[in-house]
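These notes are about the structure you will find just below.
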Amino acid sequence: MVLAVVLLAGCKKDDVPVILSDGDVIGLWQKNGTSEYWRYRSDHTGCKYNTAEGFSEDFPSYDFEWSVSDDQLRHVTYEQGAPIWRNYIVKKISSISMEREEELDTYTLTKI
């Protein structure tokens, strides 16, 4: 009986995994509290830039290709021809905000 209570107490509505679609991600997103921007284009290319560091969409920090699978948002960049993968877990997403986890950090992006 105690085990059932503990298991039920640990299950929250927020624990339901997100299932992403391309349409959820496409657009321009700003990391809350920063001047960091992420552009996701419909052709599965994108870029990251920080205007406080002098970067812009025309002159980004880096370009990437992206894909989605279940709650995973994946980026791949290439350095000297070798792919470098970055994986993000999207915890919550709506038409105006995305909460995602990157390694040990979770943060929110707002759609511009």
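Every residue in the stretch 46-75 that is small (Gly, Ala, Ser) and farther than 18 Å from Glu101 by Cβ, please.
Residues satisfying the conditions are Gly46, Ala52, Gly54, Ser56, Ser61.
Among (1) loosely packed, with under 13 Cβ neighbours inside 10 Å; (2) farther than 14 Å from Gln30 by Cα, where does Arg86 come up short?
(1)
Just name the residue that is farthest from the chain's Cα centre (by Cα) out of those in the stretch 51-73 that are part of a loop (DSSP other than H, G, I, E, B) and exposed (fewer than 15 other Cβ atoms within 10 Å of the Cβ).
Taking the candidates together, the pick is Gly54.
Suppose we filter Leu20, Leu28, Leu109 for residues that are surrounded by 17 or more Cβ atoms within 10 Å (Cβ to Cβ), at pLDDT 95 or above and not in a loop (DSSP other than H, G, I, E, B); which single one remains?
Exactly one of Leu20, Leu28, Leu109 is surrounded by 17 or more Cβ atoms within 10 Å (Cβ to Cβ), at pLDDT 95 or above and not in a loop (DSSP other than H, G, I, E, B), namely Leu109.
What are the residues in the stretch 22-77 that are out of contact with any Ser or Thr (no Cβ under 7 Å at 6 or more places or on another chain), basic (Lys, Arg) and without any contact (Cβ under 8 Å) to a residue 40 or more places away in the chain, if any?
Those that are out of contact with any Ser or Thr (no Cβ under 7 Å at 6 or more places or on another chain), basic (Lys, Arg) and without any contact (Cβ under 8 Å) to a residue 40 or more places away in the chain: Arg39, Arg41.
The values are calculated or read from the model by the stated rules, or taken from the named source; none is laboratory data. On a predicted model such as this, the values are computed, not experimentally measured, just so you know. Note that we place each Cβ from the backbone using ideal geometry, even for glycine, and neighbour counts take in every protein chain shown.
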